[in-house]
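First comes the structure, then the notes that go with it.
All of the numbers you see were taken from the coordinates with simple rules; none came from a lab. Just so you know, these numbers come straight off a predicted model, no measurement behind them. Cβ coordinates were reconstructed from backbone atoms using ideal geometry, including for glycine residues, and neighbour counts include every protein chain displayed.
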Amino acid sequence: MKRFIVSMIIGCALAWPGAVWSGETATEAIKRSIDTLIQVLSDEALKKPDRVAERHRQMEKIISERFSYEDMAKRALGAQWAKLDEQQRTEFADLFRQLLTNSYADRIEGYSGEQVHYLNERKEADYAEVRTRVSSGKADIPLDYRLLNKSGDWRIYDVVVDGISLVKNYRSQFEKIIRTSGYDDLVKKLREKSDQFVKIKADKP
């Protein structure tokens, strides 16, 4: 179940493309988005073999419009971010986006009726944390969303699964690579992962 929950990180906080629901709370935004994801996953027409690619494109587009990849990338890269120019920051944020969507998008389809329970919300200025619990009947997994209000739209910048921060987990991995072989090697590795995933998708029947 935990593998499914981690995969859901990238997909359970969605919104219809381009939609901004003025005045909604962070919890309302998360709940609406989870309901939207389930609708997409349950759409029988999109499950047909000839529409798999379309289904994935729709999910990836929606996901990209809910997560703040730049904020996530900045936090995941840590101190190195301040050393980058604007072009490098844009490049890294895009590579980080590809890493997340490539790693988890295909696994989201493992949804099998897990229930989401909304526990509480903490808010301070433009920041909020929504605490939830995902239940399958066999286990409960705490899943907390950290969001930033940007122009009236709640955007995710971190997710904490069972006490483990997604951003901090990546930061630990990135810092190790930078210490060992430098920032350029980190970028190279991220590009290679992206190219490898593209090749795998192209080889699928």
### Query
For Glu124 and Tyr183 in one chain, what is 0.36 nm times their gap in residues minus the Cα-Cα distance, to one decimal in nm?
17.9 nm
## Note on the structure
Full extension between Glu175 and Ser42 adds, at 0.36 nm per residue less the Cα distance, a length in nm of 44.0 nm
## Note on the structure
Pseudo-spin-label distance Arg89 to Asp140, built 7 Å along Cα→Cβ, given in nm, is 4.1
### Message
Past 26 Å, Cα to Cα: identify those pairs from Lys31/Lys150; Lys74/Lys188; Lys83/Lys150; Lys83/Lys193; Lys123/Lys193, in the order given.
### Response
Lys123/Lys193
### Task
Give me the distance in nm between label points sitting 7 Å out from Cα along the Cα-to-Cβ direction at Asp162 and Arg51, one decimal.
3.5
### Summary
Cross-link reach from Lys61 to aspartates and glutamates, straight Cα distance under 14 Å and at least 8 residues apart if same chain, gives Asp94, Asp106
### Task
Kindly identify the stretch 87-175 as rounded, prolate or oblate by the Cα gyration tensor criterion: order the square roots of the eigenvalues as a ≥ b ≥ c, call it rounded if a/c is under 1.5, otherwise compare a/b with b/c, prolate if a/b is larger, else oblate.
oblate
### Task
Would you kindly work out the equivalent ellipsoid of the stretch 153-199 from its C-alpha gyration tensor and give its semi-axes, the square roots of five times the eigenvalues, largest first in whole Å?
23, 16, 10
### Task
Sort 27-35, 42-50, 135-143, 147-155 for me by packing, meaning the mean count of neighbouring Cβ atoms within 10 Å per residue, highest on top.
27-35, 147-155, 135-143, 42-50
#### Entry: Mean Cβ neighbour count within 10 Å, used as a protection proxy, ranking 66-76, 123-133 highest first
66-76, 123-133
